[in-house]
Amino acid sequence: MKTYDKFFIGGKWVEPAGTGTLEVVSPATLEVVGRVPEATEADMDRAVAAAREAFDLGPWPRMSPAERADIMASISAAVMAQMDDFATLITNENGAPISFSQMGQVYAATAVLDTYVGLARSYQFEETRAGMLGQVLVRREPVGVAAGIIPWNVPLFITMLKMGPALAAGATMVIKPAPETPLDAFALAEILEQSGLPAGVVNIVPAGREVGEHLVRHPDVDKVAFTGSTAAGRRIGAICGEQLKRVTLELGGKSAAIICDDADLDATLPTLMPFALMNNGQACVAQTRILAPRSRYDEVKDALAEAVGNFKVGDPLDPSTECGPLVAERQRDRVEGYIAKGRDEGATVVVGGGRPAGFDRGWYVEPTLFADVDNSMTIAQEEIFGPVLSLIPYDSEDDAVAIANDSDYGLSGSVYTADVNRGIEIAKRVRTGTYAVNNLGMDFGAPFGGFKASGVGRELGPEGLEAYLEDKSILLPGGFELS
């Protein structure tokens, strides 16, 4: 049981303005595993004020990038030293299999932060250009105060997607963890407190939707970075548009994995399955539409049925578990509603479709494979966010690309083929922000984000850093040259 009774604001632990609390419930045991205070608008105002002061008057934006990188590196090392503790904490919060929590939640989070440590040391924050009348000094300056709004599915990792580039840029930040998963953010705050990070540079204040919207609207917030549902992203984007506020939105996905007619299924499935059912299916990049050539449809169906049927459901703290419970009862209800909708619209459940036997407690759903799916069906068009896959036939390569593109989303995708060059050409035709050829879903040194309803802007790589920078041109008089 992890209990916190204060917020991390201005480099200190401060009393909440209100009396509300957030209880964290284990999705596996349904027991309360933690409790933290719930922020009010007054708490959020205090956090923004601390970040504003740290940006306007504090040393962080004025330190050299190398100095910032040194502190960031120490934070990363401290998180890595506590990997097992963080992984267990996150698994207790959201039900992620412990093996995924270790690698996908914690190790990946430190790898992202390390990426921005390297960029802080190497990125060209200032350059001189030859202008029409004289030299031009072009600077990339920090955006100001950023708000990071974090979802519950991969909380520490997504925190680093926002905090890493913000810190590298010299910006300050208010982080609002999701109500379901605030504990890992408080554990991170304990590390930040001892890291040498100046007061107010990062503030951690969990809250619900209304107080989160207050943060987005706050006039002293210069940029918002949000990961979550497309519906919430539209709301946040509208507010930021009204205020001409910088915004990055990483939203939903309904990604398609194209299995080509020359693919080796024995090589394909070990790569595809963890990508398709990642984090109990609660991943925006999950490859939930699997496209198979009609000439090999039954073969692919049988192979997938065996793979999905063998995906081990169990206690998420058991290292052998591949699929744990969903984050909350409402999420299980949502997923079961989609399974019922799939049946009603004529798709066939090949494997799964119910609750696993032997689990009297916990919000579990069986890994489920639908066949006979038409891409127009609800289960092929809407993001389910659970362990549910749709197998869709196609007639030709052009047909496969058309089906992959027939979606409101454009976040991720993959292709599996014996001919990598063929895979690259297919990748160029599918309208998504990230695409993998015989590979997994993202590289931390490359931009990540979505086309269409999957979002606005990019995270990771230099592009992710630039989302926290403003470009400034200083025009110098003719004949003057910088030394």
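The values are calculated or read from the model by the stated rules, or taken from the named source; none is laboratory data. Treat the numbers as computed from the prediction; the structure is a model and nothing was measured. Note that we place each Cβ from the backbone using ideal geometry, even for glycine, and neighbour counts take in every protein chain shown.
Before we move on, is residue 338 within 22 Å of residue 256 (Cα to Cα) and either buried (at least 17 other Cβ atoms within 10 Å of the Cβ) or more than 23 Å from the chain's Cα centre (by Cα) (or both)? So residue 338 passes the test. Of the residues making up the range 277-306, just one is charged (D, E, K, R) and either farther than 24 Å from residue 393 by Cα or buried (at least 24 other Cβ atoms within 10 Å of the Cβ) (or both), namely 289.
A quick yes/no check of all residues on (1) farther than 24 Å from residue 246 by Cα; (2) assigned by TED's automatic domain parsing to the domain that holds residue 146; (3) touching a Phe, Trp or Tyr at 6+ places or on another chain (Cβ under 8 Å); (4) of a type outside the set (Gly, Ala, Ser):
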site: 401; (1), (2), (3), (4): yes, no, no, yes
site: 411; (1), (2), (3), (4): no, no, yes, yes
site: 423; (1), (2), (3), (4): yes, no, yes, no
site: 446; (1), (2), (3), (4): no, no, no, no
site: 449; (1), (2), (3), (4): no, no, no, no
site: 463; (1), (2), (3), (4): no, yes, no, yes
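When the criteria are applied in full, residue 61 meets the requirement of being in contact (Cβ under 8 Å) with a residue 40 or more places away in the chain and within 23 Å of residue 123 (Cβ to Cβ).
If you go through the range 437-462 and keep only what is under 15 Å from residue 284 (Cα atoms), of a type in the set (A, V, I, L, M) and at pLDDT 95 or above, you end up with 453, 456.
Of all residues in the range 105-137, those that are outside any helix (DSSP H, G or I) and either among the aliphatic types (A, V, I, L, M) or touching a residue at least 40 places away in the same chain (Cβ under 8 Å) (or both) total 11.
Comparison of 154, 202 shows that the only residue that is at pLDDT 95 or above, within 24 Å of residue 57 (Cα to Cα) and of a type outside the set (D, E, K, R) is 202. In the range 437-458 there is no residue that is among the polar types (S, T, N, Q), touching a residue at least 12 places away in the same chain (Cβ under 8 Å), surrounded by fewer than 21 Cβ atoms within 10 Å (Cβ to Cβ) and not in a loop (DSSP other than H, G, I, E, B).
For the range 391-406, the criterion of being touching a residue at least 40 places away in the same chain (Cβ under 8 Å) and acidic (Asp, Glu) is met by at least one residue.
A single entry from 67, 93 fulfils the requirement of being surrounded by fewer than 21 Cβ atoms within 10 Å (Cβ to Cβ) and either within 24 Å of the chain's Cα centre (by Cα) or outside any loop (DSSP other than H, G, I, E, B) (or both): 67. If the condition is being among the aliphatic types (A, V, I, L, M), over 20 Å from the mean Cα position of the chain (by Cα) and in a helix (DSSP H, G or I), then the range 170-221 contributes 191, 192, 211. Say we look at the range 1-53 and pick out the residues that are out of contact with any strand residue (DSSP E or B) (no Cβ under 9 Å at 6 or more places or on another chain) and of a type in the set (Ser, Thr, Tyr); which of these is surrounded by the most Cβ atoms within 10 Å (Cβ to Cβ)? Taking the candidates together, the pick is 40.
Among residues of the range 307-334 being in a helix (DSSP H, G or I) and among the small types (Gly, Ala, Ser), the one that is surrounded by the fewest Cβ atoms within 10 Å (Cβ to Cβ) is 309. Taking the range 375-431 as the region of interest, the helices (runs of 4 or more DSSP H) fully inside it that hold 2 or more residues being of a type in the set (Asp, Glu) and more than 25 Å from the chain's Cα centre (by Cα) are 397-405.
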